[in-house]
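The values are calculated or read from the model by the stated rules, or taken from the named source; none is laboratory data. Predicted, not measured: the structure shown is a model, and the values here were computed from it. Cβ: placed from backbone, ideal geometry, glycine included. Neighbour counts: every protein chain shown.
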Amino acid sequence: MVKSITEKKFECFDLSIKDNVAHLILNRPEKMNSMIPDFWTELPEIITTIDEDALARVIVISSNGKHFCSGMDLGVFSASNITSSEKEEVKMSERGRQRGSFYKNLLKLQETFNCIDEARIPIIMAIQGACVGGGVDFASACDFRYCTEDAFFCIQEINIGMTADVGTFPRLQYLMPLGLVKELAYTGRRLYAEEAHSTGLVNKVFEDKEKMIEHAMEIAQEISRKTPLAIWGSKDMINYNRGRTIREGLDRISLWQSGMFNPEADMKEAMSSNFEERDAEFEDLYPLKKDLGL
């Protein structure tokens, strides 16, 4: 019998789902929730399964421990992760093939966070302490973020002689001023909670983690009570418009509405529930078909 996603044991995460809200917790506090190789397979498995099987309407991501995430574990790209055949390639000085393998592996890492963008449901992140390196890539992919007063963000890659490459730059420039993104990228300095809030990276700052998680779950519950189809449409429209013209965005929303707009169901229920002062009862998104029989 195949276990459900909530029954599986993960190396990096704990997962619970209640009242249409999934709570995904990074759970390697003793290692500052660093992104070991398991992270890069577990996260897309969890996010994609919740989305495709319509198991929740919102996901909240948080972490255990003093710090949210210390970034990518360097073991992801260490020699221990090179296969025996690749080691032979290195011995033979076939640098082109080795770099081609690196390129393909990096694309796989990027897909880990692309699944957050591509999920039909909103994904909220709650951050305490350090969020550095790959943690910033992770955070920038989410729909919005909250943090505690002790939180800080750092594009750490420049401090270890490399360029951030898993999603920070394509996404961060749409969340905060471009000049500030460049300053953080070039200096590797810390962006503390107050500045992160004032420049738009986080929506709100909280005194402590408990209050932050409580608020994040309240917002998630509020979102879960809206029609899932309209939430999906809103997320799709907002993400689609990054880097596109207004006219392209208007065309996209016209196509969406012509195919998805359902006034006889969702709109009627929304108006009726408001008039009757009760919680609306919207239909969940349909699970995505994995096998089309082709």
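Just to check your reading of the model, which residue among T112, T48 is at pLDDT 95 or above and either in contact with a helix residue (DSSP H, G or I) (Cβ under 6 Å, 6 or more places away or on another chain) or assigned by TED's automatic domain parsing to the domain that holds M237 (or both)?
None of the others qualify; the one that does is T48.
Would you be able to say whether some residue in the range 275-283 is within 27 Å of the chain's Cα centre (by Cα) and in contact (Cβ under 8 Å) with a residue 24 or more places away in the chain?
Yes, the conditions are met somewhere in the range 275-283.
Specify the residue that is surrounded by the most Cβ atoms within 10 Å (Cβ to Cβ); the eligible residues are those in the range 274-294 that are of a type in the set (A, V, I, L, M) and modelled with pLDDT under 85.
Ranking the qualifying residues of the range 274-294, first place goes to L292.
Residues that are surrounded by fewer than 20 Cβ atoms within 10 Å (Cβ to Cβ) and in a loop (DSSP other than H, G, I, E, B): does the range 144-157 have at least one?
yes
Given the criterion within 17 Å of the chain's Cα centre (by Cα), in contact (Cβ under 8 Å) with a residue 12 or more places away in the chain and either in the same structural domain as E210 (by TED's automatic domain parsing) or under 18 Å from H197 (Cβ atoms) (or both), identify the matching residue among D150, D143. Break it down stepwise before answering.
Values: D150 fails: within 17 Å of the chain's Cα centre (by Cα).
The conditions single out D143.
Could you tell me which residue of the range 208-237 is nearest to H67 (Cα to Cα), considering only residues that are among the hydrophobic types (A, V, I, L, M, F, W, C) and in contact with a helix residue (DSSP H, G or I) (Cβ under 9 Å, 6 or more places away or on another chain)? Working first, answer last.
Residues of the range 208-237 that are among the hydrophobic types (A, V, I, L, M, F, W, C), as a first pass: 212-213, 216-217, 219-220, 223, 229-232, 237.
Going one step further and asking which of them are in contact with a helix residue (DSSP H, G or I) (Cβ under 9 Å, 6 or more places away or on another chain), we end up with 223, 229-232, 237.
Details: I223: 27, L229: 35, A230: 35, I231: 31, W232: 31, M237: 33 Å.
Residue satisfying both the conditions and the ranking: I223.
Report yes if some residue within the range 176-192 is farther than 22 Å from G243 by Cβ and either polar (S, T, N, Q) or at pLDDT below 95 (or both); otherwise report no.
yes
What number of residues within the range 220-232 satisfy the criterion of being farther than 14 Å from E118 by Cβ, in a helix (DSSP H, G or I) and not acidic (D, E)?
Residues that pass the stated criteria total 8.
One line per residue, one yes/no per condition, for (1) in the same structural domain as I121 (by TED's automatic domain parsing); (2) surrounded by 15 or more Cβ atoms within 10 Å (Cβ to Cβ); (3) under 20 Å from R120 (Cα atoms):
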{"position": "M217", "(1), (2), (3)": "yes, yes, yes"}
{"position": "I238", "(1), (2), (3)": "no, no, yes"}
{"position": "N241", "(1), (2), (3)": "no, yes, yes"}
{"position": "Q257", "(1), (2), (3)": "no, no, yes"}
{"position": "F261", "(1), (2), (3)": "no, no, yes"}
{"position": "S272", "(1), (2), (3)": "no, no, no"}
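Of everything in the range 248-262, what is assigned to a loop (DSSP other than H, G, I, E, B) and under 26 Å from the mean Cα position of the chain (by Cα)? Give them in sequence order.
If we filter the range 248-262 for residues that are assigned to a loop (DSSP other than H, G, I, E, B), which is where we start, we get 261-262.
If the condition is that a residue be assigned to a loop (DSSP other than H, G, I, E, B) and under 26 Å from the mean Cα position of the chain (by Cα), then no residue fits.
Is it true that I238 is β-branched (V, I, T), at pLDDT 90 or above and under 22 Å from I116 (Cα atoms)?
yes
For the range 183-193, check the following and say yes or no: at least one residue is assigned by TED's automatic domain parsing to the domain that holds K66 and free of Cβ contacts under 8 Å to residues at least 24 places away in the same chain.
Taking every residue of the range 183-193 in turn, at least one turns out to be assigned by TED's automatic domain parsing to the domain that holds K66 and free of Cβ contacts under 8 Å to residues at least 24 places away in the same chain.
Is one or more of the residues making up the range 7-27 surrounded by 17 or more Cβ atoms within 10 Å (Cβ to Cβ), assigned by TED's automatic domain parsing to the domain that holds I127 and among the basic types (K, R)?
no
If only one of A126, A185, A164 is buried (at least 16 other Cβ atoms within 10 Å of the Cβ) and closer than 21 Å to S62 by Cβ, which one is it?
Numbers: A185 fails: closer than 21 Å to S62 by Cβ; A164 fails: closer than 21 Å to S62 by Cβ.
From the options A126, A185, A164, the qualifying one is A126.
So A216 ticks every box in (1) over 20 Å from K18 (Cβ atoms); (2) modelled with pLDDT of 95 or more; (3) in a helix (DSSP H, G or I) but one. Which box is left unticked?
(1)
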